[in-house]
Amino acid sequence: MDLVDQEYWNAGYDHVRLDVANDRLTTWLKPFVSGLPAGSSVFEVGCYPGRYLSWIGLHGFVVNGIDLAPQTARLNNWFKQQSIEHAMIKQGDGLEYMCNTEDKYDFVCSFGFIEHFTDFKSVIKAHARVVKPGGLLVITVPNFRGYLQKWLHSSLDGGNLSLHNLNSMAPEIWCELAKDLDFKVNFAGPFGGFDFWCKPGGRTASASALCSLLMSCGKRLGWIPSRMAYSPYLGLVATKLESVT
């Protein structure tokens, strides 16, 4: 079950500006991406608005993506303008595609996807299904489960928090599942130092001021050691083991 109606996403994407990500997530991701051969095939589920897929594509990979958002078709021209090699970029149900296709990719990823489903384990299994032997699986989610992050979002960002399945934010479960699916886990845990963000509107003046203060402080605290209690992101990086014959 999807916890968020698609119309919510569509409305939010109406005026979004297409750009290339350059943030703590890309800083964390870079060492893993740099180990992939040039020309590797990449698939992102829930790819719109393509900020991370653009960044990945600029490293010399062939990108593919599916998203239910009707604006997804815009990415074809955007990638062309950025000289990013791309194959399949289309509107559609990416989860259904992963569960049924025979296509396989060198690099399968999602950024902020699995946490919007109640049965997140099945969603992770669908990701794993389309990874080639020797290929890479990357999944990231916001960390709303760590006790400080959970308290802050419960107090200041409750509406946004309700759209996320906190049970999915569990690197220990990801590790067990990945190993059962014949993956070697390269990384599973928090990253990004400390940061905080919240959806705009719907707060008292004092709560809005506190949100602004926290977000301002967060921009300066990417350097501190990452911890489950307060770091903004959780990530999984795993390699599909080669078949034994």
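Rule-based calculations on the coordinates, nothing more; no lab input. Computed from a predicted structure; not experimentally measured. Neighbour counts run over all protein chains shown; Cβ positions are idealised from the backbone, glycine included.
Annotations
- Working note: 222 nm ellipticity from helices only, DSSP H runs with n ≥ 4, each -39,500 (n - 2.57), summed and divided by the residues of the chain, gives -10000 deg cm²/dmol to the nearest 500.
- Qualifying trypsin sites (Lys or Arg not before Pro) in the range 1-97, DSSP loop, other Cβ atoms within 10 Å at most 10: R17
- Ordered by the count of other Cβ atoms within 10 Å of each Cβ, fewest first, W223, W78 give W223, W78.
- Calculated on alpha-carbon atoms, Rg and Dmax of the range 125-204 in Å: 15.5, 52
- Largest mean-square fluctuation among S206, S155, S216, in a Gaussian network model of the chain whose springs join Cα atoms under 10 Å apart, belongs to S206.
- Among the listed options (1) 19.4, 63; (2) 18.5, 57; (3) 17.7, 64, the one matching Rg and Dmax of the Cα atoms in Å as calculated from these coordinates is (3).
- Alpha-carbon Rg with Dmax, taken over the range 52-100, Å: 10.9, 32
- The calculated FRET efficiency for D19 paired with S243, based on their beta-carbon distance and R0 = 45 Å, is about 0.70.
- Evaluated over the range 88-131, the Cα radius of gyration and Dmax, each in Å: 10.3, 28
- Residue order, fewest to most surrounding Cβ atoms within 10 angstrom, among H15, H59, H153, H164: H15, H59, H164, H153
- Among the trypsin sites (Lys or Arg not before Pro) in the range 194-241, those placed in a DSSP loop whose Cβ has at most 13 other Cβ atoms within 10 Å are K219, R220.
- Partners for K121 among aspartates and glutamates (Cα-Cα distance below 17 Å; same-chain residues under 8 apart left out): D2, E96, E172, E176, D180, D182
- Three-way shape call for the range 72-167 based on the alpha-carbon gyration tensor, with the a/c threshold at 1.5: prolate
- When the alpha carbon gyration tensor of the range 183-223 is reduced to an equivalent ellipsoid, the three semi-axes, largest first, read 30, 13, 5 Å.
- Cα centroid of the range 166-192 to Cα centroid of the range 120-160, whole Å: 10
- Simple spin-label estimate for H59 and L213 in nanometres, 7 Å along Cα-Cβ: 3.9
- Interchain or long-range residues, amide H under 5 Å from F117's placed H: L3, N165
- FRET efficiency estimate (nearest 0.05) - Cβ-Cβ, K132 to K80, R0 25 angstrom: 0.45
- Reciprocal mean inverse distance between Cα atoms of the range 1-143 - Kirkwood radius, Å: 15.2
- FRET efficiency for the E96 to K150 pair, using the beta carbon distance and R₀ = 35 Å, is estimated at 0.65.
- This ranking places E172, E115 by how few other beta-carbon atoms lie within 10 Å of each, fewest first, which gives E172, E115.
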